[in-house]
Amino acid sequence: MTNYDTTFSPCWPGSAQLMAAVVVLACSGCPPTPLSQEEQRRAVTSHWITVEPKPPSSESEPCLDQDDLNEITQTVPNISSVVVERVKTGRIVSEDAEVEAKVCGTAPEYLRLLKEGARIDLREGRFLEPIEAAEGSAVVVLSQTLAKKLFPDTAPVGQSVILERRQLTVVGVVTEGAAWGSSVKRDAYVPLRLFGPGVDQRAPFPYDRFRFRVESLDEVKQTS
């Protein structure tokens with residue numbers, strides 16, 4: 001429902017004023033026009049700013065690292081939270097199926113982005129936890145669609161899958177969310193450190209993109 005900021009005169013209104021007031025009151029009770037998918041997407045993602053290479057780097061050659069992240073967060077005002085992302089395509093194997101999937105290496109804060117950017121929430125179990133993100137624990141959260149493919153007749157939480165020769169335990173399943181949330185939706189989510197720099201731990205940690213959240217919509221343009 002549309003809100004109106006109406007100021008009333010201390011005097012009894014004339015016919016024109018009275019008619020205008022009646023029109024406003026009548027229209028305020030009318031059903032709102034449904035938002036288009038694009039308008040819905042903008043309404044819920046408007047607090048988020050995405051930073052990525054243009055064109056985005058390939059999976060084998062990410063060009064963002066921790067120095068870039070530090071530089072942005074230390075010099076750009078108004079950032080309230082940060083979500084980092086590394087995405088790989090790989091085959092996830094269960095006892096019942098083998099599925100090619102987009103897997104997002106990230107942190108617990110990604111769930112907030114999913115909720116606001118795609119209306120995705122937990123369906124079963126839980127999302128990644130801070131200690132798992134810090135240690136790179138062998139856990140995974142599946143999308144609802146991927147969970148059905150991998151475990152058509154079994155409850156997925158607590159089951160094991162294989163990703164890149166590594167055994168992972170399924171700790172949660174998330175809903176599919178809105179169709180217009182494809183820019184943030186992935187097939188599975190794992191702790192970021194599972195997609196780390198490899199053997200050379202001194203190498204810069206690779207990222208595909210950063211997502212920054214700004215609390216006030218008035219500050220989004222300036223922050224961008």
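The values are calculated or read from the model by the stated rules, or taken from the named source; none is laboratory data. Since we're looking at a predicted model, the values are computed, not measured. FYI the Cβ positions are ideal-geometry reconstructions off the backbone, even for glycines, and counts take in every protein chain you see. With ligands, DNA and RNA removed, areas are computed over all heavy atoms of the protein, side chains included. Shrake-Rupley method; radii C 1.70, N 1.55, O 1.52, S 1.80 Å.
Quick check: anything in the range 208-220 surrounded by 15 or more Cβ atoms within 10 Å (Cβ to Cβ), modelled with pLDDT of 85 or more and touching a Pro at 6+ places or on another chain (Cβ under 9 Å)? Let's see the steps before the verdict.
The initial filter retains those residues of the range 208-220 that are surrounded by 15 or more Cβ atoms within 10 Å (Cβ to Cβ), namely 208-214, 219-220.
Going one step further and asking which of them are modelled with pLDDT of 85 or more, we end up with 208-214.
Those left that are additionally touching a Pro at 6+ places or on another chain (Cβ under 9 Å): 208-209.
Within the range 208-220, one or more residues are surrounded by 15 or more Cβ atoms within 10 Å (Cβ to Cβ), modelled with pLDDT of 85 or more and touching a Pro at 6+ places or on another chain (Cβ under 9 Å).
In the range 90-121, how many residues are open to solvent by 20 Å² or more (accessible area, probe 1.4 Å) and not aliphatic (A, V, I, L, M)?
13
Take residues that are at pLDDT 50 or above and tell me which of the helices (runs of 4 or more DSSP H) falling wholly in the range 1-113 contain 2 or more. Let's see the steps before the verdict.
On the way: elements: 15-28, 37-45, 66-75.
So the answer is 37-45, 66-75.
Could you say whether any residue in the range 193-201 is more than 18 Å from the chain's Cα centre (by Cα), within 26 Å of Thr75 (Cα to Cα), surrounded by fewer than 13 Cβ atoms within 10 Å (Cβ to Cβ) and modelled with pLDDT under 90?
No; the residues of the range 193-201 include none that is more than 18 Å from the chain's Cα centre (by Cα), within 26 Å of Thr75 (Cα to Cα), surrounded by fewer than 13 Cβ atoms within 10 Å (Cβ to Cβ) and modelled with pLDDT under 90.
So is Val87 under 18 Å from Thr50 (Cα atoms), open to solvent by less than 70 Å² (accessible area, probe 1.4 Å) and β-branched (Val, Ile, Thr) or not?
Numbers: under 18 Å from Thr50 (Cα atoms): yes; open to solvent by less than 70 Å² (accessible area, probe 1.4 Å): yes; β-branched (Val, Ile, Thr): yes.
It is true that Val87 is under 18 Å from Thr50 (Cα atoms), open to solvent by less than 70 Å² (accessible area, probe 1.4 Å) and β-branched (Val, Ile, Thr).
Quick test of your reading of the structure: Thr145 fulfils all but one of (1) farther than 20 Å from Val184 by Cα; (2) open to solvent by 20 Å² or more (accessible area, probe 1.4 Å); (3) not aliphatic (A, V, I, L, M). Name the failing condition by number.
Against the list (1) farther than 20 Å from Val184 by Cα; (2) open to solvent by 20 Å² or more (accessible area, probe 1.4 Å); (3) not aliphatic (A, V, I, L, M), Thr145 comes up short only on (1).
Of all residues in the range 145-192 being under 18 Å from the mean Cα position of the chain (by Cα) and among the acidic types (Asp, Glu), which is farthest from Val84 (Cα to Cα)? Talk me through it step by step, then tell me what you get.
First, pick out the residues of the range 145-192 that are under 18 Å from the mean Cα position of the chain (by Cα): 145-146, 172-192.
Cutting the leftovers down to among the acidic types (Asp, Glu) gives us 176, 187.
On the way: Glu176: 21, Asp187: 17 Å.
It comes out as Glu176.
Considering only residues of the range 148-158 that are touching an Asp or Glu at 6+ places or on another chain (Cβ under 8 Å) and not charged (D, E, K, R), which is surrounded by the fewest Cβ atoms within 10 Å (Cβ to Cβ)?
The first filter runs over the range 148-158 and keeps only residues touching an Asp or Glu at 6+ places or on another chain (Cβ under 8 Å), leaving 150-157.
Restricting the remaining residues to those that are not charged (D, E, K, R) gives 150-152, 154-157.
Details: Leu150: 23, Phe151: 20, Pro152: 10, Thr154: 13, Ala155: 12, Pro156: 23, Val157: 18.
Filtering first and then ranking leaves Pro152.
What are the pairs, 6+ residues apart or on separate chains, where a residue within the range 141-167 that is touching a residue at least 40 places away in the same chain (Cβ under 8 Å) and among the polar types (S, T, N, Q) has its Cβ under 8 Å from a residue that is buried (at least 17 other Cβ atoms within 10 Å of the Cβ) and in a loop (DSSP other than H, G, I, E, B)?
Ser143/Lys185; Ser143/Arg186; Ser143/Asp187; Thr145/Asp187; Gln159/Ser94; Gln159/Phe151; Ser160/Ser94
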